[in-house]
Amino acid sequence: MSTEFIRSSLLPEEAQKQLIRDTLRTGSTLPLDLLTLISAIPAELARYDAEISCRKTRTKILKDDRAQLQMYYNECCSALAPIRRIPIELLVEIFRLHDTSKPNLQSIDVFEEDEYPPYYGMAMDALSHAPLVAASHVCARWRAVVVGTPLLWDTVELDAILWGPTHRHENQVLAVLEQVLNRGQPLPLNFTMKGRKSGLLASVLHLLAQHSLRWKVARISCHSVLHLEPLLSLGGKLPLLEKIGLWGYPWPNAAPNVFGDAPRLRTLQCSLESCEHFPQSLAQQLETVACYAELQGSLIDGCLLRALHILPYLSSEAEFQLTLALYSSTVVYWHEDPDATDDIITSSLSEFVLVGDRHLSLPPILPVMTKIFDLLALIELEVLEFIFLDYTTSGPLPWPHRGFLALATRSDFGAHLTDLKLFEVAITDGQLLECLAQLPKLEYLQISDHSPRIIEVDTYDADDNTEWTNPALVLVNDSLLLALTCEPLLVPSLEKITFRSMLKFTDSVLYEMCVVRGQSMEDFQVDLHWISGYHRDLNVAEKLNEAEFVDFCFGAAPGEE
């Protein structure tokens, strides 16, 4: 505004306002001077309106100018932003972290291939690395980094189960896969491929096989041997392969031609069907074997037995993990393979882990566990561990006591077994003491009490489901602690013991055990964890924490804080 606006001299004072109110109330005549003032007000209002209009126009101009200036300033700040000065190496790490936000296909369960929801978009987002694609659209520099950095494209995840009717998507899937594979060259390749009856799988594997020289980690789940034919052309061209996962259909007898030497292969994850035909020559170089056994109720037969036959070919440094899945609550009968024998399977592996899968049917699994132990002689075993993935809801695994004792004798565990991990096993104190008597070389022991649980038994009949209570089992008690205290010491080489306990023991008995053990073994360690709902004050906790003869730890069980 060119000149300063002068406020109106006609703005009323309080006395004038009161005069008007009195006049309105009494109905008297207005004074002449007031009439003159009133007649001048419209002109003043018009003057105000003109000023306001002028200011609105000017304000709009000011706002528009400011918006342009702000936009320009923002662009200038963006050009100077620290993120534009981030070194490419750090930018790549940021993009790698961002790529982890792509869909997690492992969290999707699809049971009937003809009835799955529309997950195709999620599967394609995972395959194409959608977060990276989005980042590449931000600016030319980011696109150059994303597209030109093979490290960002060294992983491929394909889930044909979620693709839907693949004849509609085949060209798009193969085009995206080829693009990802090309962008990842020449770095080692990690890929996961899952499928059932999809006709696209053979084309996918053919494309992957062209990059076999880059394979580092390969996970293949397939339900038709026909889809595996492209792999037969590999001819052992797997110089970088370190880890292979094979699930589903039995591999053909030509499997050795698929893998060749695979000089770096150290880890095998597989189902029973795939394990059966795995080349024995390669088994000798494996460090870890994880076998998943989905057992079909009463149809358990020689397949499980044949899968265990890989054990003799494993080295003395190897770990073998066997996961058992038994979903039927029917009684288990063994239908022996006519070609199978009851010969003991002898192995020199160092670690054996027996895992119960989720939703495992507990009663019928005991004879299966016993049968497995009856078949084995683990003559150099150092670590034996039991894990139950459904422990928190279903309680512990049954303890194959007879089978373990026979296995311990047959394998001479007393000469070499150093670690026994029984957190998730329902073993009594009497059974444990009988086992420990055969393990003089034992150095590390894990044992646990088990709180009661109400378990629903699924009978596949919604009107006939039942519940039963898994009773409490107190293993860490005075009887056990006294047995570990008495001379001559049971398991004299014991260096560490970890309890998960309901704290149903006498504190002084625990203290005495720690004293005796600590004086006989330098650096003796006791980890005592209370189970949720069973915490109490431990009278001797302070004394044990201050003691020099034992390294004592007292706290909540991991995951139950």
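The criterion of at least 1 residues that are modelled with pLDDT of 90 or more is met by the following helices (runs of 4 or more DSSP H) wholly inside region 1-106: 32-80, 88-99. In region 534-554, the condition of being in contact with a Lys or Arg (Cβ under 9 Å, 6 or more places away or on another chain), farther than 18 Å from Asp429 by Cβ and part of a loop (DSSP other than H, G, I, E, B) is met by at least one residue. For beta carbons closer than 6 Å, sequence separation of 6+ or different chains, a first residue in region 512-538 that is touching a residue at least 24 places away in the same chain (Cβ under 8 Å) and over 21 Å from Arg453 (Cβ atoms) and a second that is among the aliphatic types (A, V, I, L, M) and part of a strand (DSSP E or B), the qualifying pairs are Cys514/Val526; Val526/Ile497.
Checking each residue in region 494-521 for being more than 18 Å from Lys543 (Cα to Cα) and part of a loop (DSSP other than H, G, I, E, B) picks out Leu494, Glu495, Met502, Lys504, Met521. Counting the residues of region 295-316 that are at pLDDT 65 or above, more than 26 Å from the chain's Cα centre (by Cα) and hydrophobic (A, V, I, L, M, F, W, C) gives 7. All conditions in (1) in contact with a strand residue (DSSP E or B) (Cβ under 7 Å, 6 or more places away or on another chain); (2) at pLDDT below 95 hold for Leu189, with the sole exception of (2). Every listed requirement among (1) at pLDDT 85 or above; (2) of a type in the set (Phe, Trp, Tyr); (3) in a loop (DSSP other than H, G, I, E, B) is met by Phe111 save one, (1). Of the residues making up region 475-493, those that are farther than 17 Å from Ser448 by Cβ, assigned to a loop (DSSP other than H, G, I, E, B) and not charged (D, E, K, R) number 8. Out of the residues in region 268-288 meeting the condition of being part of a loop (DSSP other than H, G, I, E, B) and either out of contact with any strand residue (DSSP E or B) (no Cβ under 6 Å at 6 or more places or on another chain) or of a type in the set (Val, Ile, Thr) (or both), tell me which one is surrounded by the fewest Cβ atoms within 10 Å (Cβ to Cβ). Filtering first and then ranking leaves Gln284.
The residues of region 206-240 that are in a helix (DSSP H, G or I) and at pLDDT 85 or above, listed by number, are His206, Leu207, Leu208, Ala209, Ser212, Leu213, Arg214.
Residue-by-condition table, conditions (1) assigned to a strand (DSSP E or B); (2) of a type in the set (Asp, Glu); (3) under 29 Å from the mean Cα position of the chain (by Cα):
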site: Asp374; (1), (2), (3): no, yes, no
site: Glu380; (1), (2), (3): no, yes, no
site: Leu384; (1), (2), (3): yes, no, yes
site: Thr393; (1), (2), (3): no, no, yes
site: Gly403; (1), (2), (3): no, no, no
site: Leu407; (1), (2), (3): no, no, no
site: Leu417; (1), (2), (3): no, no, no
site: Leu420; (1), (2), (3): yes, no, yes
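Residues that are assigned to a strand (DSSP E or B) and closer than 25 Å to Gly395 by Cα within region 522-533 comprise Val526, Asp527, Leu528, His529, Trp530, listed in sequence order. The set of residues in region 422-441 that are part of a loop (DSSP other than H, G, I, E, B) and in contact with a strand residue (DSSP E or B) (Cβ under 6 Å, 6 or more places away or on another chain) comprises Leu422, Phe423, Glu424. Each residue in region 146-169 was checked for being modelled with pLDDT under 85 and surrounded by fewer than 16 Cβ atoms within 10 Å (Cβ to Cβ), and 3 of them qualify.
In this entry, Glu319 passes the filter for residues that are among the charged types (D, E, K, R), in contact with a Phe, Trp or Tyr (Cβ under 9 Å, 6 or more places away or on another chain) and modelled with pLDDT of 90 or more.
Between Glu434, Glu443, Glu385, Glu424, which is buried (at least 17 other Cβ atoms within 10 Å of the Cβ) and either farther than 24 Å from Asp523 by Cβ or touching a His at 6+ places or on another chain (Cβ under 9 Å) (or both)? If you could, list the steps in order and put the result at the bottom.
On the way: Glu434 fails: buried (at least 17 other Cβ atoms within 10 Å of the Cβ); Glu443 fails: either farther than 24 Å from Asp523 by Cβ or touching a His at 6+ places or on another chain (Cβ under 9 Å) (or both); Glu385 fails: either farther than 24 Å from Asp523 by Cβ or touching a His at 6+ places or on another chain (Cβ under 9 Å) (or both).
Selected residue: Glu424, the only one of Glu434, Glu443, Glu385, Glu424 that is buried (at least 17 other Cβ atoms within 10 Å of the Cβ) and either farther than 24 Å from Asp523 by Cβ or touching a His at 6+ places or on another chain (Cβ under 9 Å) (or both).
The values are calculated or read from the model by the stated rules, or taken from the named source; none is laboratory data. What you see is a predicted model, and the numbers here were worked out from it, not measured in a lab. Note: ideal-geometry Cβ built from the backbone for every residue, glycine included; neighbour counts use all protein chains shown.
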